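Here's the structure, in structure tokens; my notes come after.
Please treat every number below as a calculation from the coordinates, not as lab data. If you're wondering where the values come from, they're calculated on a predicted model, not measured in any experiment. A quick note on method: Cβ atoms are made from the backbone with ideal geometry, for glycine too, and the neighbour counts reach across all protein chains shown.
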Amino acid sequence: MAPVTKETAAFAFRGTVKQKGAANLKAIADTSRTVVVTVDEIVRSPPVLAGFVGHDVTVQLAADEEVRNGERGVFYVTGFVFGETLAVQSVGHDSVPAAQPMVAASARAADGDPTRAFLQTRARERAERAAVVVTGKVVAVGLADSEPTPLTATAITSRRVSEHEPFWREAVVEVQAVHKGAVPSQQVVLRFPASSDVRWYRSPKFQAGQEGVFSLHTDQVSSRPQFGVAAASMAATATAFTALSSADFQPADHEAEVAAVLSAAAATV
Amino acid sequence: MRKPKRAKANAKTNAKAKATTKARKVTRGKAKKAAKKATKKTAKKAVARKRGVRGAAEAAASAAGVLLVNVIPKSLSSETNQDSEPMIAVNPANTNQIVATAFTPDPLEGGAAPYFFSSDGGKTWTLNTVVPGGDMTGDITVAFSGTGPALYAGILRRDSPDQSTRMAILRTVDFSAPTPMDVLEDRQEPDQPFAQAATVANGSAAGKQRVFVGSNDFAATGGRTATLDFMLDAAAANPGLKKVRLERRSTGTAGQDGPQVRTSIHEDGTVYATFYGWRSQTGDFGANTLKVNADVVVVRDDKWGDNQAPFEDLKDSTDGVVGQRVVRNVSVSFNQTGLSANGQQRMGGTLSIAVDPRSDNSGTVYVAWGTDEADTGFTIHVRKSTDRGVAWSAGDILSLPHATNAALAVNSDGAVGLLYQQLTGTGPTRRWETHLRRSANGGDTWLDLTLATTPAATPVKTFDPYLGDYDHMLAVGRDFYGIFSASNVPDMAHFPNGVAFQRNVDFDTRVLLDVNNQHSIPPSIDPFFFKVSG
């Protein structure tokens, strides 16, 4: 897994250093690298922590990070310890003026909603890692090839029964616009797990008629040798894709947002 | 600082809970006075009164001996995860130190999954994100080393490179340290790892930490998938992992064993393991109609597995093959997804084993397993052996209809406990009741303690399994420690022996509240820790 950076940290907040060498969580015994910071404003956050404005949190500083009491900054953090209050691991911080352009841009893009800003960050990460990003519409969904069918005596011993069985499906996506990468035809095949098991439940389940922006990753997971019925018209050599993260699909009205993110990313390369 | 309105409600509720306790004490006091008064009347009446007083006192004492705590920390009051499939480990050298696990994601979606830990005997809990392999596990079980804060875990990593499962066996020298656990083993294919551990007390190996991780390893050849990984010196830099395939019979048309491989360790070096030896199957897993015929098999090693042919010390009294079949040809549904008729819980069998921990009692062992019955649906059966697993009670010493998630433990008095979850009622009034049965006489009679009774239809599941494919209980000394998952609606009627929440709740309005005690949070499934004094 890629290391967390300021750009990808799930939780970013503007805060004021209240006390160095301290912690407000009893589970933190070693306070040599921790500071207590008051959260003044949240820039981005998953929903569960979006209500922490006004709370004091313990921040474990990064290896070479220094702060002073009373310092105001924007902190980029990952999870650390969650107890009667919150302790987080810093991946770095910026001064408020230095971070202001990022904070303003994030607020603008997310309408000031830190949860939406978090989801946008996740979508951007996935789009940047995808082989292909397209806007499209699911025109068909069917069983993937070799999908288990009702068992016969001879078939039984050839496959396992596991509660973590993914139950692969194939969605045929009609491509309307390509934002990243190249597709050889107007249709691409997207494999997804239909399983509701804990291992697969977070992966999007696609349905015919669904429209939006798809971050497509070359399928290295399903081990399916060929296409199933829904994708039977595809060339046997066509690439199959997956979109296993909830951030791999964005509703159609997010198209401009994704395109802008990818343009910005391309411009920095 | 002025308390927010909701915080006041919480404080009021806590006060109310204390008042209830006080009321109980007052009632007991009044009852005692009444009994004393009665003795001044006729002896006959006094005896009758006294009987009534004793009954009330026992009920109050029972409630007083129960600690039940929702483990979600206050800082995560806004969470709505389905924290199902819980497991617990207690440090026997310091029972204030407890670790609990569930399908709980890292709230900040980092690269490590969390476990909960307590340093005060389970009264308060903290989430520690130190489990490598992704922000959430596919399965996780934990065990303390037996003599200190070292903790072992068997997990399914989320970051498998393909669709197969990826098991890791992990270690940390200090469960409370916020540092990632070390990876001792990491391989594709095993499913449902179940970790247990102990430290050798005597002899030449004294002090060595021994870890046993059962799994259903699809990498096994010939469909004999029930497997045990074990390490005889798990604390060493090179723990010397060993692996033994437990299944020695044909799995027939099933082509595999069941996912549950459970172990129980006695300090004298006796280690039992049990698994479902699948023999045949009918129906279709994808269509949720799969039924499996299986044997419940017990294997044993008398020297920690430290011999040339580990886990071959118990041979079947009928066919002479390694592994005594406690019961043969039982039927088990193996669901892909949970049905509303089954309280949203997917069924796939349940299995537990517990050895009597007393010195010279390693020959006494209990097994619980689940079956499908025509009359009683998914049903738990419990049987007992007193000769090291050779002969088993002819019939069940306990049978529980519509029950699953069996977890057995035996305390230092030899009292056996069974934790289980039972579906009651019909239609929308179905409830999941979580019970602890205890028997001080080897299973002749049982006390029943209801820990929770929660609606089975709400919350609606977000994934399978709804409550978990297992829960867990263990005993340290005379006390039983356990964990189960259930609906977290803060309704005292759901917890007849009391409950404490760390997360913000309002018992008066029976709603969960966010971290600021301002907005309601929808119900979800949470893990509940309990300690019941023996």
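Using DSSP to define loop residues, name the GluC sites (Glu not before Pro) in region A:39-77 whose beta-carbon has at most 12 other beta-carbon atoms within 10 Å. Don't skip to the end; give the middle numbers.
Values: sites: A:41, A:65, A:66, A:71; in loops: A:65, A:66, A:71.
When the GluC sites (Glu not before Pro) of region A:39-77 are filtered for loop state and at most 12 Cβ neighbours within 10 Å, A:66 remain.
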Check: Under a point-charge model restricted to the Cβ atoms of Lys and Arg (+1) and Asp and Glu (-1), what is the dipole moment magnitude of chain B relative to its Cα centre, in debye to the nearest 20?
Finding: 4220 debye
Notebook entry, point to check: Are there chymotrypsin sites (Phe, Trp or Tyr not before Pro) in region B:240-305 that DSSP marks as loop and that have at most 11 other Cβ atoms within 10 Å, and which are they?
Noted result: none
Item checked: Under 5 Å, built H, 5+ apart or other chain: amide partners of residue A:43 -> A:12, A:13, A:14
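Sort B:458, A:237, B:172, A:5 by Cβ crowding within 10 Å, fewest neighbours at the top.
Neighbour counts put them in this order, fewest first: A:237, A:5, B:458, B:172.
Is the C-alpha gyration tensor of region B:453-516 telling us rounded, prolate or oblate? Criteria: a/c under 1.5 is rounded; beyond that, a/b larger than b/c is prolate, otherwise oblate. Present the calculation step by step, with values, prior to reporting the outcome.
Numbers: a/c = 2.00, a/b = 1.27, b/c = 1.57.
The shape class here is oblate.
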Notebook entry, point to check: According to the Cα gyration tensor, what semi-axes, each the square root of 5 times an eigenvalue, does the equivalent ellipsoid of region A:11-112 have, listed from largest to smallest in whole Å?
Noted result: 22, 15, 11
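For the protein assembly as shown, what is the charge dipole size about the Cα centre, in debye to the nearest 20, if Lys and Arg each add +1 at the Cβ and Asp and Glu each add -1 at the Cβ?
Working: 87 positive and 81 negative charges, 967 e Å.
Result for the protein assembly as shown is approximately 4640 debye, rounded to the nearest 20.
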Notebook entry, point to check: Using the Kirkwood formula over every pair of different C-alpha atoms, what hydrodynamic radius in Å results for region B:308-352?
Noted result: 13.4 Å
Notebook entry, point to check: Taking a point 7 angstrom from the Cα of residue A:102 along the C-beta vector, which residues in region A:20-50 have backbone N less than 17 Å away?
Noted result: A:40-46
Note to self: Check which residues have an amide H placed less than 5 Å from residue A:19's amide H, if you skip close sequence neighbours.
What the structure shows: A:36
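Quick one: length gained pulling residue A:260 to residue A:68 fully straight, 0.36 nm per residue minus the C-alpha distance?
Numbers: separation 192, 0.36 × 192 = 69.12 nm, distance 3.71 nm.
Going from the current span to full extension adds 65.4 nm.
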Notebook entry, point to check: For the protein assembly as shown, what D do you get in µm² per second when you plug the Kirkwood radius from alpha-carbon pairs into Stokes-Einstein at 4 °C and 1.567 mPa s?
Noted result: 46 µm²/s
Note to self: Tell me which of B:322, B:297, B:380 sits at the most positive position along the dipole axis of region B:283-393, charges placed on C-beta atoms (Lys, Arg +1; Asp, Glu -1).
What the structure shows: B:380
Notebook entry, point to check: At what distance in angstrom do the alpha carbon centres of region B:127-150 and region B:273-330 lie from each other?
Noted result: 28 Å
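What is the sum of charges, Lys and Arg at +1 and Asp and Glu at -1, for the other residues whose Cβ falls under 9 Å from the Cβ of residue B:224?
Working: positive: B:245, B:248, B:249; negative: B:247, B:257.
Its environment carries a net charge of +1.
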Check: Can you list the HN-Hα couplings for region B:127-143, worked out from phi with the Karplus curve (6.51, -1.76, 1.60; θ = phi - 60°), rounded to whole Hz and with x for Gly and Pro?
Finding: 9, 10, 9, 10, 9, x, x, x, 7, 7, 9, x, 6, 7, 9, 9, 8
Item checked: Loop-located trypsin sites (Lys or Arg not before Pro) in region B:246-332 whose Cβ has at most 16 other Cβ within 10 Å (DSSP) -> B:303
Next item on the list: Apply the Karplus parameterisation 6.51 cos²θ - 1.76 cosθ + 1.60, with θ equal to phi minus 60°, to every residue of region B:312-327 and state each ³J(HN,Hα) to the nearest whole Hz, in sequence, with x for glycine and proline.
Entry: 10, 7, 10, 10, 5, 6, 9, 9, x, 7, 4, x, 6, 8, 5, 8
Check: Among B:480, B:494, B:428, which residue has its Cα positioned farthest towards the positive end of the charge dipole of chain B, with +1 placed on the Cβ of Lys and Arg, -1 on the Cβ of Asp and Glu, and the dipole taken about the Cα centre?
Finding: B:494
Check: Where does chain A land on Rg(C-alpha)/(2.2 N^0.38 Å)?
Finding: 1.22
Check: Using Cα atoms only, what is the angle between the long axis of helix B:43-64 and the major principal axis of chain B, expressed in degrees (0 to 90) to the nearest 10?
Finding: 60 degrees
Notebook entry, point to check: Convex hull over the alpha-carbon atoms of region B:269-365: what's its volume per residue in Å³?
Noted result: 129 Å³
Next item on the list: Show the residues, 5+ positions off or on another chain, whose built amide H is closer than 5 Å to the amide H of residue B:201.
Entry: B:207
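What is the ratio of the Cα radius of gyration of region B:170-318 to 2.2 N^0.38 Å, where N is its residue count, to two decimals? Write down the numbers at each step before the final one.
Working: Rg = 16.7 Å, N = 149, 2.2 N^0.38 = 14.7 Å.
Ratio of Rg to 2.2 N^0.38 Å for region B:170-318: 1.14.
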Item checked: 0 to 90° range, to nearest 10: angle between helix A:114-129 axis and chain A longest Cα axis -> 50 degrees
Next item on the list: Return one number: the angle in degrees, 0 to 90 and rounded to the nearest 10, between the long axis of the Cα atoms of helix A:255-268 and the longest principal axis of the Cα atoms of chain A.
Entry: 70 degrees
Notebook entry, point to check: Given B:208/B:315; A:205/B:531; A:20/B:74, which pairs have Cα atoms separated by over 31 Å?
Noted result: A:205/B:531
Checklist line | Phi to ³J(HN,Hα) by Karplus 6.51 cos²θ - 1.76 cosθ + 1.60 over region B:520-534, Hz, x for Gly, Pro | finding: 6, 10, x, x, 8, 9, 10, x, 10, 8, 9, 10, 10, 5, x
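Does region B:65-532 come out rounded, prolate or oblate, given a ≥ b ≥ c as the square roots of the eigenvalues of its C-alpha gyration tensor, rounded meaning a/c under 1.5 and, failing that, prolate meaning a/b above b/c? Walk me through the intermediate numbers first.
Details: a/c = 1.39, a/b = 1.22, b/c = 1.14.
Rounded shape, in that the Cα axes give a/c under 1.5.
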